[in-house]
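The values are calculated or read from the model by the stated rules, or taken from the named source; none is laboratory data. Nothing here was measured: the structure is a model prediction, and the numbers come from that model. Neighbour counts are summed over all protein chains in view; Cβ atoms, including those assigned to glycine, are modelled from backbone coordinates with ideal geometry.
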There are 4 protein chains.
Amino acid sequence: MTTFSFLDDYSEGAHLDILSALTESNYVQQAPYGEDTYTAAATSRIKARLAANFDGAIHYVASGTMANIVSISSCLRPHEAVIAVSSGHIVVREAGAIEATGHKLITVPSVDGKLTPENIKVALSSNAHFPHMAKPRLIYISNATETGTVYTLAELRAISALAKQRGLILFLDGARLGAALASSKNDATLADIASLVDIFWIGGTKVGALLGEAIVICNPALKDDFAFHLKQRGGMLAKGRLLGIQFQALFGTRNLFLENAKHANAMAAKLAAGIVARGYTLDSETATNQVFPVLPDSVISTLQSYFSFYVWSNAGNDRSVIRLVTSWATNENQVDAFLARLPQH
Amino acid sequence: MTTFSFLDDYSEGAHLDILSALTESNYVQQAPYGEDTYTAAATSRIKARLAANFDGAIHYVASGTMANIVSISSCLRPHEAVIAVSSGHIVVREAGAIEATGHKLITVPSVDGKLTPENIKVALSSNAHFPHMAKPRLIYISNATETGTVYTLAELRAISALAKQRGLILFLDGARLGAALASSKNDATLADIASLVDIFWIGGTKVGALLGEAIVICNPALKDDFAFHLKQRGGMLAKGRLLGIQFQALFGTRNLFLENAKHANAMAAKLAAGIVARGYTLDSETATNQVFPVLPDSVISTLQSYFSFYVWSNAGNDRSVIRLVTSWATNENQVDAFLARLPQH
Amino acid sequence: MTTFSFLDDYSEGAHLDILSALTESNYVQQAPYGEDTYTAAATSRIKARLAANFDGAIHYVASGTMANIVSISSCLRPHEAVIAVSSGHIVVREAGAIEATGHKLITVPSVDGKLTPENIKVALSSNAHFPHMAKPRLIYISNATETGTVYTLAELRAISALAKQRGLILFLDGARLGAALASSKNDATLADIASLVDIFWIGGTKVGALLGEAIVICNPALKDDFAFHLKQRGGMLAKGRLLGIQFQALFGTRNLFLENAKHANAMAAKLAAGIVARGYTLDSETATNQVFPVLPDSVISTLQSYFSFYVWSNAGNDRSVIRLVTSWATNENQVDAFLARLPQH
Amino acid sequence: MTTFSFLDDYSEGAHLDILSALTESNYVQQAPYGEDTYTAAATSRIKARLAANFDGAIHYVASGTMANIVSISSCLRPHEAVIAVSSGHIVVREAGAIEATGHKLITVPSVDGKLTPENIKVALSSNAHFPHMAKPRLIYISNATETGTVYTLAELRAISALAKQRGLILFLDGARLGAALASSKNDATLADIASLVDIFWIGGTKVGALLGEAIVICNPALKDDFAFHLKQRGGMLAKGRLLGIQFQALFGTRNLFLENAKHANAMAAKLAAGIVARGYTLDSETATNQVFPVLPDSVISTLQSYFSFYVWSNAGNDRSVIRLVTSWATNENQVDAFLARLPQH
């Protein structure tokens, strides 16, 4: 018997619209390295969601770590440092990728996974003994965060205002941007984000692409020579079309990007509601596509025969927090099956 | 009217067998980051072409530059340098990617695009004033070379013997390894190469994959912790399956890897023969999938209305060298059409 | 009127014995780059303080940051990280120098400025999700610490044992090693330290040299090619003799190294005792050459007319902590003058 | 019997004026890290030799490699490359120090050790395939060159004009700048150089300092945050006074900087003249403090009993080129002794 996996949101291939687009375009000859017409079309479609006066640029890479590496290292001089929450993806999940480009990470605690203006100020004031301390220069946030929480528009505006006031670059890691924008907790648009940050990226991998992230450079001063950095870090694909075709599909009239994210969030919401209805608590609110129920270890043990998921942390009294991740590909039948296997508390 | 492109070997998507394999596997849930069963199968298939006592490891990345970055930087300490021909891909086509990881490139002239034991010795003797000079430690070669020439088995053995004698790591960039192995000039097998070098990679992008290169670590001492480097450089894909599925298809019973390369080489050979038959000369021998005819500029001008290709260099007397590249996707009709448009000299 | 400075321990030039040694040797022609006879003699003298079976090497550099850069970067592969306390010098006082060589710093809280086996274990267990997290590989400690505290021999042994058990390199920053060895809290010898760590350095700048730190490589496996790293990082002096002559003087029969450090510590102890005798408290114990009295702001204001020192932190109730640093050059008359200016509490 | 060394110009300690200045200032308390009054005075004295409208900054470091590392890496973004002659010091004598900061070196042949506008243009045109090639951005020259030749003012102006026209930074390595300015072949002043380049440094080590190089930032746009780079690369000395005191002495009313260099050049000229007078030829003209006579191997062998020098290259017919280097410390008696030991040809 096969188990169904709630381990992550990249267990399957791609949305069928993307596979179809790849097949249809397959024999059309195109220029390499992102100079193809599909990539140009994808860029037009994304720009259509941004402000009319958007004067930035969009580039595509194969992985989130690559998006972070190129975005950050292209912006900074060697002595400039990054401010991030201590649970930030670049801090704890990328094997030191940013430091490998030479830059220090200055970490501060998060509040619900999020960076706050107050903590940014703490980072600034405790890293001001120049030139003996690296110069804080770039603020790194991710939306949704590592724990699935979402920034409100007001929160983003506050950080953006502080960044401008202090001459800092604001960078948003959007590996989970689809999940954030599709969240009921969200009140920001893609255009809002593009107007508030200097550079951000839109994750494709977690919303149904085979791979691909779109880096949106909003601050025109950061556009120059960006392609060199892509090439130098190994992030430029010969068949750049592969990324363009997928983002063209994600940002088509159907708005697959948001649709896929909404499905994932809806599946998570259904799981969360069902779990609560069966008498269990959640360790944290379900804002996107991650659910953190607190379950008795005996129940967890039984569920593991049918479903894969991470046991996240010990909750005491023979109970644990587990993490369930849904995705664009999550079959609602499996959600129902999970809830059916979950006994009333 | 649409022109047909002989510009490069990555103008189209992927071989249909690869698209099919992606479609068939699409909803099978798999572990991420290369821990999937397709990648395991691809690795088994590649290992089956190597010596029975192969004790290395195989990893997959999205681009050739990434393959070079990770392969080289994982092997070297900071003060160690790379010996390469001055026309080497890492020297002139990767935007300083290797230097960006901190390593010096020591360049020597090539002979027919190839590195020779004599020139390696020159590099060693002129970089021996230690510790004022970086320490030569890794030999970089590519097969086929930047200009499409192919190393013979004897040449590879000579370089390998010198590397062992001098304690150097031998690394082979195989972006065009399919073209090399499919060449009539070739007398080496994949197993030969794996037994002679310390680390090499097999290019998938140029033989019909959407993207993907397989790094084969032959020297067991270089295996440790390789995955960290993949992750740190942004070269690890969440959906690693995308690379595994493609290499599984390329190295199946049909041997699509070699078949595709042979088709490309055959199309180049046909172009070359036809061009010579029409009374023109070639600037260099056609060993793989690149043809360098010398044509009158007036003829070139006419051909450009129907075909895309690079004008490579001026040949004097109102003539130029052009470069025609064929691929797994080159339609023989287009080769015929090209020759039909070429007037008798 | 000139004020006397208790700001730091590098406000003056060099001990006169060192200036004399420079003058006496001035016209003797010597080989450059540390190959001179003075450097050889300094190395012999330092080795004479270590275990008879010491099989390491000693190199000299101009600054503490250089000592840290070369020591750490020569030991590590790109994916390997450093464990340090969050108040560590490399963490907060070197402008990101270690990250600039590509390595992540993993920080944990200190206990009295010191790293503990417990906190090392925390760092290891929370950085074990490989290969997504950089691999902890080197433990960084300093003795004396940033706040002037001193490791006991038992503490050093416990960290060393853990390092060996977990396959970690133990590195000790000895910018203040003289102050530590001269402390009444110390029960370790230079030989003890050399037997417990893999690599450490002996600070010369703070004990009376014009400049200079001696890097002692204790683990023979770390010796290879060290000079390349010195050269590559800009740390090799043409007139290496300048460093050799000074360390030869510091480690002569007179043991100027320890004598100078003892004088600094004694001056600090006298200050501390006098301050306490006048009815004030100390914010922390005075183990080396730093004194942290808590004084009324009005008193501080008066003292500042005669002496320079840092106001370290606010202590509430119109009081502040100040920092007084003594050195090999501190004139006891100035200590007396300071105490004379300090009114009874 | 002791031999006298003509091996290099850093075999002795320091000019006595410098030792005196160190001794006199020894107990004066000063601010650390280059914020002392001696360093300020040195900077004033150097600025007094530059144009009145000089709006740059001057910083001091301990070694030439450090001066090159900090000067170059503070100017460049990661994808930017350096153009240099293949015999350039940073290319062949610094263990890959510049590449270790991430930057590619693009090398071209020299003409008499010098870079020419023509060869810079070759470098630019052959490195223009963007973004696949690193972007040439900084021109590296040294004066005097590695082989002791000197740029004329016209040559410097031509390179400077080209740099401005192409948007390139012009950087001059002045390890041997004293020798150049003191050369009979020179027609440029320090002010000329400062007006033509963006950044350069004045070598102190080779003209009688214990150590020390003064980096002069001429282009105000390159001044920002320079101190961070000094700190981060390990180039900032706690007792920065050590560098300030020496440059204050070198650039005092006596003009020790030029005086010392003139002595070295005069000694070389006397050696050269004497060697020619005895019937031997020189392999290249003696413009500064290096002499390259061609001598029979038997004569060389005899001379080696009395003098140390490098045998530079084989000249055929049982003859070799040797290199004799003179310095501020070269005793004229030893020059006479050398010539006395040289038989008439």
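If you go through the stretch D:262-295 and keep only what is in contact with a Leu (Cβ under 7 Å, 6 or more places away or on another chain) and surrounded by fewer than 16 Cβ atoms within 10 Å (Cβ to Cβ), you end up with D:Val276, D:Arg278. Per this entry, C:Ala287 is counted among residues that are touching a residue at least 24 places away in the same chain (Cβ under 8 Å), within 22 Å of the chain's Cα centre (by Cα) and assigned by TED's automatic domain parsing to the domain that holds C:Ala315.
I'd like to know if the stretch A:38-45 contains one or more residues that are under 28 Å from B:Leu211 (Cα atoms), within 13 Å of another protein chain (Cβ to nearest Cβ) and either in contact with a Cys (Cβ under 7 Å, 6 or more places away or on another chain) or in contact (Cβ under 8 Å) with a residue 12 or more places away in the chain (or both). Even if it seems obvious, please write down each step before you answer.
The first filter runs over the stretch A:38-45 and keeps only residues under 28 Å from B:Leu211 (Cα atoms), leaving A:38-45.
If we keep only those that are within 13 Å of another protein chain (Cβ to nearest Cβ) as well, we get A:38.
After this cut, where a residue has to be either in contact with a Cys (Cβ under 7 Å, 6 or more places away or on another chain) or in contact (Cβ under 8 Å) with a residue 12 or more places away in the chain (or both) as well, the list is A:38.
The answer is yes, given that some residue of the stretch A:38-45 is under 28 Å from B:Leu211 (Cα atoms), within 13 Å of another protein chain (Cβ to nearest Cβ) and either in contact with a Cys (Cβ under 7 Å, 6 or more places away or on another chain) or in contact (Cβ under 8 Å) with a residue 12 or more places away in the chain (or both).
Total residues in the stretch A:116-147 satisfying the condition of being in contact with a helix residue (DSSP H, G or I) (Cβ under 7 Å, 6 or more places away or on another chain) and of a type outside the set (A, V, I, L, M, F, W, C): the figure is 9.
Take the residues in the stretch A:6-25 that are crowded, with 19+ Cβ neighbours inside 10 Å and of a type in the set (S, T, N, Q); name whichever of them is nearest to A:Thr253 (Cα to Cα). Going through the qualifying residues, I end up with A:Ser25. In the stretch C:183-202, the count of residues that are touching a Phe, Trp or Tyr at 6+ places or on another chain (Cβ under 7 Å) and assigned to a strand (DSSP E or B) is one or more.
Please tell me if C:Thr330 is surrounded by fewer than 18 Cβ atoms within 10 Å (Cβ to Cβ), closer than 27 Å to D:Val28 by Cβ and either of a type in the set (D, E, K, R) or at pLDDT 95 or above (or both). Criteria not met by C:Thr330. Quick check on the stretch A:93-113. Is at least one of its residues touching a residue at least 40 places away in the same chain (Cβ under 8 Å), more than 8 Å from every other protein chain (Cβ to nearest Cβ) and surrounded by 21 or more Cβ atoms within 10 Å (Cβ to Cβ)? The answer is no; no qualifying residue exists. Can you tell me which residue in the stretch B:26-37 is surrounded by the most Cβ atoms within 10 Å (Cβ to Cβ), limited to those that are out of contact with any Phe, Trp or Tyr (no Cβ under 6 Å at 6 or more places or on another chain) and within 10 Å of chain A (Cβ to nearest Cβ)? Restricting to residues being out of contact with any Phe, Trp or Tyr (no Cβ under 6 Å at 6 or more places or on another chain) and within 10 Å of chain A (Cβ to nearest Cβ), the top hit is B:Asp36. In summary, C:Thr23 fulfils each of the numbered conditions (1) touching a Ser or Thr at 6+ places or on another chain (Cβ under 9 Å); (2) more than 7 Å from every other protein chain (Cβ to nearest Cβ); (3) part of a helix (DSSP H, G or I) with the single exception of condition (2).
The residue that is farthest from the other protein chains (Cβ to nearest Cβ), counting only those in the stretch B:207-229 that are touching a Phe, Trp or Tyr at 6+ places or on another chain (Cβ under 8 Å) and small (Gly, Ala, Ser), is B:Ala214. For the stretch B:99-150, a tally of residues being over 25 Å from the mean Cα position of the chain (by Cα) and of a type in the set (Val, Ile, Thr) returns 1.
Taking the conditions exactly as written (more than 14 Å from chain D (Cβ to nearest Cβ) and not polar (S, T, N, Q)), does C:Lys262 satisfy them or not?
Details: more than 14 Å from chain D (Cβ to nearest Cβ): yes; not polar (S, T, N, Q): yes.
In short, yes.
Looking at C:Val311, C:Val335, which one is under 27 Å from the mean Cα position of the chain (by Cα) and either surrounded by fewer than 16 Cβ atoms within 10 Å (Cβ to Cβ) or closer than 22 Å to C:Thr145 by Cα (or both)? Checking each option against the conditions leaves just C:Val311.
Looking across the stretch B:234-250, the residues that are over 14 Å from B:Trp201 (Cβ atoms) and either within 8 Å of chain A (Cβ to nearest Cβ) or at pLDDT below 95 (or both) come down to B:Gly234, B:Met236, B:Leu237, B:Ala238, B:Lys239, B:Arg241, B:Leu242.
Just give me the residues in the stretch B:107-130 being among the β-branched types (Val, Ile, Thr) and in a strand (DSSP E or B), in sequence order. Write out each step before concluding.
The initial filter retains those residues of the stretch B:107-130 that are among the β-branched types (Val, Ile, Thr), namely B:107-108, B:111, B:116, B:120, B:122.
Residues satisfying the conditions are B:Thr107, B:Val108, B:Val111.
The test for being out of contact with any strand residue (DSSP E or B) (no Cβ under 8 Å at 6 or more places or on another chain) and under 22 Å from A:Val70 (Cβ atoms) does not hold for D:Thr65.
Is the stretch B:66-88 home to any residue that is within 12 Å of chain A (Cβ to nearest Cβ) and assigned to a loop (DSSP other than H, G, I, E, B)? No, the stretch B:66-88 has no match at all.
Taking A:Val321, is it closer than 29 Å to B:Asn26 by Cβ, in contact (Cβ under 8 Å) with a residue 12 or more places away in the chain and in contact with a strand residue (DSSP E or B) (Cβ under 9 Å, 6 or more places away or on another chain)? Spelling it out, it is not the case that A:Val321 is closer than 29 Å to B:Asn26 by Cβ, in contact (Cβ under 8 Å) with a residue 12 or more places away in the chain and in contact with a strand residue (DSSP E or B) (Cβ under 9 Å, 6 or more places away or on another chain).
For the stretch B:229-258, filtered to residues that are touching a residue at least 40 places away in the same chain (Cβ under 8 Å) and over 24 Å from B:Gln29 (Cα atoms), the residue that is surrounded by the fewest Cβ atoms within 10 Å (Cβ to Cβ) is B:Arg254.
Taken over the stretch D:124-139, the criterion of being of a type in the set (Gly, Ala, Ser) and either crowded, with 22+ Cβ neighbours inside 10 Å or in contact with a His (Cβ under 7 Å, 6 or more places away or on another chain) (or both) is satisfied by D:Ala134 alone.
Does B:Ala51 satisfy the condition of being in contact with a Ser or Thr (Cβ under 7 Å, 6 or more places away or on another chain), crowded, with 21+ Cβ neighbours inside 10 Å, away from chain A (no Cβ under 14 Å) and outside any helix (DSSP H, G or I)? No, not satisfied. The requirement of being assigned to a helix (DSSP H, G or I), among the charged types (D, E, K, R) and at pLDDT 95 or above is fulfilled nowhere in the stretch A:214-228; no residue meets it. Just one of the numbered conditions (1) aliphatic (A, V, I, L, M); (2) closer than 24 Å to B:Tyr38 by Cα; (3) in contact (Cβ under 8 Å) with a residue 60 or more places away in the chain is not true of A:Leu16: (3).
Keeping to the stretch A:26-48, report how many residues are more than 17 Å from A:Thr253 (Cβ to Cβ), among the aliphatic types (A, V, I, L, M) and not in a loop (DSSP other than H, G, I, E, B).
Applying the first criterion (more than 17 Å from A:Thr253 (Cβ to Cβ)) to the stretch A:26-48 yields A:26-37, A:39-40.
Next, from what is left, pick out any that are among the aliphatic types (A, V, I, L, M): A:28, A:31, A:40.
Narrowing further to those that are not in a loop (DSSP other than H, G, I, E, B): A:40.
Qualifying residue count for the region: 1.
Mind listing just one residue for me: the one in the stretch D:208-255 that is of a type in the set (Phe, Trp, Tyr) and over 19 Å from the mean Cα position of the chain (by Cα) and, of those, nearest to C:Gly102 (Cα to Cα)? Before the answer, list the steps.
The first filter runs over the stretch D:208-255 and keeps only residues of a type in the set (Phe, Trp, Tyr), leaving D:226, D:228, D:247, D:251.
Now restrict to residues that are over 19 Å from the mean Cα position of the chain (by Cα): D:226, D:228.
Working: D:Phe226: 20, D:Phe228: 17 Å.
Checking each candidate, the answer is D:Phe228.
Being among the small types (Gly, Ala, Ser), in contact with a Lys or Arg (Cβ under 7 Å, 6 or more places away or on another chain) and more than 26 Å from A:Gly102 (Cα to Cα) is true for just one of B:Ala128, B:Ala144. Which residue is that? Only one candidate passes the filter, namely B:Ala144. Would you call A:Gly56 touching a strand residue (DSSP E or B) at 6+ places or on another chain (Cβ under 7 Å) and within 9 Å of chain B (Cβ to nearest Cβ)? So A:Gly56 does not fit the description; no.
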